[in-house]
Amino acid sequence: MSAPTVGALPTAPQLLCAFQGRRYEDRELLRSAHALAELHARRAELADVRLVAEIDCRRTELVDDIDEWIAHEVPAHRPDAALHTETLGAVVDRMARSWADANQAIDSDGARSGLTHKYWYRLAELVDGYTDLVTDVADGRRRLPGQ
């Protein structure tokens, strides 16, 4: 049985678990989210611009996969619903990067550093924004680009 969702969309805790590598196998969007987090973690360690470009190309494919999944799984909403400025794939990609940055800060600067706090605070803001967004989409108050 799958974990609870907001409509067809995963919750922020589900995304965070997927980023971490837990409980993502049963949902296509969560598998893509996990892959994005892994790519961001690898990207941060690379200096070779060709490898960075390959990772960015794969990230673009995963963002497109998420957006395509949304187009098929999330019903279109009223045309008068407020339009969100970015696709859900782009939002998940930003969250994955923030998650990778926050974990890298812990590894490099320790859990008590100001930089670590800054990165985890930023991730918390993105989690709140994601939660608001998927709630509004599920309730028909907001629509995603391409819907």
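Counted residue by residue at 0.36 nm each, then reduced by the alpha carbon distance between them, the extension gain from residue 85 to residue 125 reaches 12.7 nm.
Its DSSP H runs of at least 4 residues, each contributing -39,500 (n - 2.57), put the calculated 222 nm mean residue ellipticity of the chain at -23000 deg cm²/dmol, to the nearest 500.
Around the amide H of residue 143, modelled in the peptide plane, lie the amide H atoms of 82, 83, 84, all under 5 Å away and 5 or more residues distant in sequence or on another chain. Across the stretch 19-119, Cα pairs under 8 Å and at least six residues apart give a relative contact order of 31 percent.
Here the Kirkwood formula puts the hydrodynamic radius of the stretch 81-145 at 12.7 Å, using every distinct Cα pair. With the whole protein complex present, residue 139 retains an accessible surface near 90 Å², based on a 1.4 Å probe.
In terms of accessible area, using a 1.4 Å probe and ignoring ligands and nucleic acids, 131, 11 rank largest first as 131, 11. Note on the stretch 1-101: the alpha carbon radius of gyration divided by the globular reference 2.2 N^0.38 Å gives 1.12.
The values are calculated or read from the model by the stated rules, or taken from the named source; none is laboratory data. Keep in mind it's a predicted model, so treat the numbers as computed, not measured. Just the protein is used for accessible areas: all its heavy atoms, side chains included, with ligands, DNA and RNA removed. Shrake-Rupley method; radii C 1.70, N 1.55, O 1.52, S 1.80 Å.
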